[in-house]
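Structure first, then comments.
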Amino acid sequence: MVGVKSVFLLYHGANLGAIHDITIRLEQLQAADDNYYIMTRCLLELANQAYDIFVSSEVEEKRKLIKLVLQNLRIEGENVLYNAHKPLVN
């Protein structure tokens, strides 16, 4: 009977370790999920305020923003042209 008890304790200890590891991983995933939603909310709030921020910016700041957003801006005659790129595509 002592052998069965020691085998049980061995497996029980291994299972407790696995449960602990899984719990830690689950907490990490939950934190990452929470951070994703916080960052998304902040980005959407910034996007909602983009026009007001642009309008209230100094000329040099506007120039930098336009250059960043429209990196391939060009003027042909009286027309301002640019090529739009798909976001997050390399």
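For residue 52 and residue 29, the difference between the fully extended length at 0.36 nm per residue and the C-alpha to C-alpha distance is 4.7 nm. Taking every alpha-carbon pair within the stretch 1-52, the share separated by more than 14 Å comes to 71 percent. Note on residue 4 and residue 71: the model spin-label points, each 7 Å out from Cα along the C-beta direction, lie 7.0 nm apart. Helix 59-69: angle to the longest alpha-carbon principal axis of the chain, degrees 0 to 90, nearest 10? Once rounded, one gets 60 degrees.
Projecting the Cα positions of 44, 11, 55 onto the charge dipole of the chain (unit charges on Cβ atoms of Lys, Arg, Asp and Glu, taken about the Cα centre) puts 11 furthest along the positive direction. As I understand it, the value is the acute angle between the Cα axis of helix 2-48 and the longest principal axis of the Cα atoms of the chain; what does it come to in degrees, rounded to 10? Orientation of helix 2-48: about 10 degrees from the principal axis. In this structure, residue 16 and residue 43 have a Cβ-Cβ separation that, at R0 = 41 Å, corresponds to a calculated FRET efficiency of about 0.50.
Remark on the chain: ratio of C-alpha radius of gyration to 2.2 N^0.38 Å is 2.29.
FYI, it's all coordinate maths here, none of it is from the lab. Since we're looking at a predicted model, the values are computed, not measured. Neighbour counts are summed over all protein chains in view; Cβ atoms, including those assigned to glycine, are modelled from backbone coordinates with ideal geometry.
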